[in-house]
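Engineer: Dumping the structure here so I can ask a few things about it.
The values are calculated or read from the model by the stated rules, or taken from the named source; none is laboratory data. This is a predicted model, so every value here is computed, not measured. As a convention, Cβ positions derive from the backbone with ideal geometry for all residues, glycine included, and neighbour counts pool all protein chains shown.
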Amino acid sequence: MRQGKTLLIFSVVVFIVCNTSGQTTDRYLEKEHWKKEALENILSFWTQHASDKSRGAFYPNLDGNWKPVNDTIKFPSMIARHLFSYSAAYLMSGDQKDLSIAREIKDYLLAHAWDIEHGGWFDALDAEGKPLHAGKSTFVQVYVITGLTMYYFITHDAVVKNYIDKSNNLLEENAWDQQSGGYYDALERNWTIKSETKSVSSQLAPCSGYLLYLYLATRDSKYLAQADRIVNTIIQRMIDLGSGWVLETFDKNWKYIPGRQDEEEINIGHNIEIAWTLLRLYLLNGNVDYLRAGKAMADRLHQYGISSRYGIWPAGIGRQNPSQHTNYTYWWIQAYGNMFNLYLARVYPEKDYAASFKKGAEFWDKYFLDKKNGDTYFSLMEDGHIRQSQKANQYKASYHSVEHCLLNYLYLGCWVNPGPVTLYFNLTSNVQGELLYPLPIEKLNYRITDVRINGKDFKSTTTNESFLGLPVLKDAKVALTIF
C-alpha cells in the first residue's frame with residue numbers, strides 16, 4: 001500500500017437472476033460446483049506448487065507431481081495466462097489473495113516482458129526475467145493481452161488498459177496483412193515479418209482471448225468491429241469448401257499447408273472455438289449469418305467431433321474421412337467442448353445440449369481432474385486412461401481450466417439453471433462517471449438494482465440500469481445486485 005493515498009473500500013457483489021424456467025439438482029448444472037472447482041481443485045494447487053518464489057512468476061515446466069523440469073526459460077504468454085486465472089478467481093471469490101497474486105503477475109510482465117525500445121512482448125525470458133528470444137510471435141502477443149484484459153476487467157486499471165491498446169495497435173499495424181488479410185504468425189523484434197504463415201490460432205485467439213471481453217467491459221465498438229473482421233477472414237479464407245472444417249495453416253496468399261496425418265488433420269478444439277465465437281458474436285451484433293455458420297459447424301461437430309460413448313471431444317479427425325479420429329484428447333479441447341455445449345443450450349434451448357454438456361463434464365471431473373495432485377492431466381485416452389500427466393509447459397497453464405470454470409459458472413447461473421451470481425471488483429478510476437459493466441458474458445439485458453459501498457447504499461448517477469456510473473475511485477471494492 002502506498003503511503004499518502006486514501007483508500008476507498010467497496011465490496012462488489014453481483015446477483016444475476018435470469019428468466020429461464022426449470023431447475024435441476026444435477027451437480028454439473030449447479031454453478032457453485034464450477035466455482036468451487038476453480039478455486040479449490042485447480043488454482044489453489046498452482047498457488048501452492050507452481051510459483052517461483054525466488055525469481056518471480058511461475059515455473060515453466062512441471063511434471064505430474066508439480067516437480068520443476070528444465071526451468072531455465074519463462075514464457076510471458078504462459079505467465080499472462082495465469083494473470084487471467086487469478087483475475088477470474090477474484091471476480092468469483094473476492095479473495096484478496098487472488099488479487100494480490102494477480103497484481104504481482106501484472107507487475108512482473110510490465111517490468112520484464114515489455115520491449116521498451118520497440119514495443120510489444122518478448123517471446124521468452126531467462127530464469128531471472130531477462131529477454132532471451134527477441135522475436136515476437138503473434139501467439140505470445142495475443143495471450144499477454146488476454147491476461148491483461150481480464151485484469152483490466154476487474155480493476156479498470158488505466159495503465160494496464162494503455163498497454164492493452166498499445167499492444168493491440170502494434171498487432172493491427174504490423175502483423176495484419178493489409179493486402180490479403182489475416183495475422184502473420186511471427187515477427188522480428190522490430191516488427192518486420194519473420195514468417196508469412198497464417199495459422200488459425202493467430203486469427204482466432206484475439207477474438208476468444210480478449211476482444212470480446214474488452215467489448216463487454218467497455219462497449220467500445222472498435223473491439224467488436226475488429227473481431228467481426230477477423231471472423232469474416234476465417235470464414236472466407238480458412239474453411240475447407242469440401243468438408244466444411246476450419247483448416248490450420250496457410251501461406252501469405254491463403255494456400256493451405258497440410259501438416260498432419262489425415263486422422264489428425266482437423267483440429268477439433270479450433271473448430272469448436274470458431275463455432276463458439278460465431279455464436280458469441282451473433283448474440284452481440286445479431287448477424288444471422290454467424291448464427292447459421294455457427295449452427296452448421298455445431299451440427300458437424302456433434303456428428304463427428306464428440307464421442308457419444310465416452311463424452312469426450314477427440315483431438316483430431318480426418319479431413320477426408322471424419323469417421324477417423326484420434327483416440328485421445330487434450331484438457332483444453334474438453335474444456336472448450338463443455339463450454340460450447342452450454343452456449344448451444346442458450347442459443348437453442350429446445351435442444352438437449354445440456355445433456356451433452358453433463359456427459360462431457362462428467363468425463364472432465366471423473367478423469368481429467370487429478371484427484372491426488374490437483375489441476376488436470378495434459379491429455380487422456382478416450383477411455384480415461386492418462387496419456388500425458390504434466391501440469392505445465394509452454395502451452396499449459398491454469399488458464400483454460402479456470403476459464404472453463406468461470407464461464408460454466410456464469411452460463412449456468414444466467415442461462416441454464418438460474419440463480420444469484422456473486423462477482424467482485426477492485427476498481428481504480430480516475431474519471432468521474434466511468435462506467436462499470438459487470439458481466440463478462442454476452443448477456444446485455446440485465447438490470448443493476450442495488451449498489452453498496454462499504455455496506456452503505458450507493459445511488460448511481462446513471463439512468464441505464466445495465467451499468468454503474470462510478471465516482472473517482474482509488475483501489476475500491478464495490479458491491480452491487482443485478483436482476
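Engineer: Test Lys198 against the criterion of being crowded, with 23+ Cβ neighbours inside 10 Å and either charged (D, E, K, R) or modelled with pLDDT under 95 (or both), and give yes or no.
Structural biologist: yes
Engineer: Suppose we filter Lys396, Lys372 for residues that are outside any strand (DSSP E or B), among the charged types (D, E, K, R) and surrounded by fewer than 16 Cβ atoms within 10 Å (Cβ to Cβ); which single one remains?
Structural biologist: Going through Lys396, Lys372 in turn, the sole match is Lys372.
Engineer: When the stretch 282-315 is examined, which residues are found to be in contact (Cβ under 8 Å) with a residue 40 or more places away in the chain and either of a type in the set (Phe, Trp, Tyr) or in contact with a strand residue (DSSP E or B) (Cβ under 6 Å, 6 or more places away or on another chain) (or both)?
Structural biologist: If the condition is that a residue be in contact (Cβ under 8 Å) with a residue 40 or more places away in the chain and either of a type in the set (Phe, Trp, Tyr) or in contact with a strand residue (DSSP E or B) (Cβ under 6 Å, 6 or more places away or on another chain) (or both), then Tyr282, Tyr290, Tyr310, Ile312, Trp313, Pro314, Ala315 are the ones that fit.
Engineer: Scanning for something at pLDDT 80 or above and touching a helix residue (DSSP H, G or I) at 6+ places or on another chain (Cβ under 7 Å), does the stretch 443-461 turn up at least one residue?
Structural biologist: Looking through the stretch 443-461, at least one residue is at pLDDT 80 or above and touching a helix residue (DSSP H, G or I) at 6+ places or on another chain (Cβ under 7 Å).
Engineer: Name the one entry in Phe75, Phe45, Phe84, Phe15 that is surrounded by fewer than 24 Cβ atoms within 10 Å (Cβ to Cβ), modelled with pLDDT of 95 or more and among the aromatic types (Phe, Trp, Tyr).
Structural biologist: Phe45
Engineer: Filter the stretch 332-356 for residues that are under 23 Å from the mean Cα position of the chain (by Cα) and more than 29 Å from Gly242 (Cα to Cα) and give the result.
Structural biologist: Of everything in the stretch 332-356, those that are under 23 Å from the mean Cα position of the chain (by Cα) and more than 29 Å from Gly242 (Cα to Cα) turn out to be Arg346, Ala354.
Engineer: Check Pro68 against each of (1) within 20 Å of Gln141 (Cα to Cα); (2) without any contact (Cβ under 8 Å) to a residue 24 or more places away in the chain; (3) touching a strand residue (DSSP E or B) at 6+ places or on another chain (Cβ under 8 Å) and name the one condition it does not meet.
Structural biologist: (1)
Engineer: Can you spot a residue in the stretch 340-362 that is out of contact with any Phe, Trp or Tyr (no Cβ under 7 Å at 6 or more places or on another chain) and closer than 27 Å to Val144 by Cα?
Structural biologist: Looking through the stretch 340-362, none of the residues is out of contact with any Phe, Trp or Tyr (no Cβ under 7 Å at 6 or more places or on another chain) and closer than 27 Å to Val144 by Cα.
Engineer: Then there is this: I want to confirm something. Restricting to the stretch 375-393 and keeping residues that are part of a strand (DSSP E or B) and not hydrophobic (A, V, I, L, M, F, W, C), which single residue is nearest to the chain's Cα centre (by Cα)?
Structural biologist: Thr376
Engineer: Kindly state which helices (runs of 4 or more DSSP H) lie completely within the stretch 66-155 and contain at least 1 residues that are out of contact with any Ser or Thr (no Cβ under 7 Å at 6 or more places or on another chain) and farther than 20 Å from Ala217 by Cα.
Structural biologist: Fully inside the stretch 66-155 and qualifying: 76-93, 96-108.
Engineer: Then there's this: Out of everything in the stretch 134-160 that is surrounded by fewer than 24 Cβ atoms within 10 Å (Cβ to Cβ) and of a type in the set (Gly, Ala, Ser), what residue ends up being modelled with the lowest pLDDT?
Structural biologist: Of everything passing the filter in the stretch 134-160, Ala134 is modelled with the lowest pLDDT.
Engineer: Counting just the residues of the stretch 87-109 that are of a type in the set (Gly, Ala, Ser) and over 15 Å from the mean Cα position of the chain (by Cα), which one comes out surrounded by the fewest Cβ atoms within 10 Å (Cβ to Cβ)?
Structural biologist: This residue is Ser100.
Engineer: Let me ask another. Just the residues that are under 22 Å from Ile105 (Cβ atoms) and buried (at least 18 other Cβ atoms within 10 Å of the Cβ), please, taken from the stretch 379-393.
Structural biologist: Answer for the stretch 379-393, where residues must be under 22 Å from Ile105 (Cβ atoms) and buried (at least 18 other Cβ atoms within 10 Å of the Cβ): Lys391, Ala392.
Engineer: Under 6 Å by Cβ, and 6 or more places apart or on different chains, what pairs join a residue from the stretch 235-255 that is under 21 Å from Leu281 (Cβ atoms) and free of Cβ contacts under 8 Å to residues at least 12 places away in the same chain with one that is among the hydrophobic types (A, V, I, L, M, F, W, C) and assigned to a strand (DSSP E or B)?
Structural biologist: Final answer for the pair search is Ile239/Val246.
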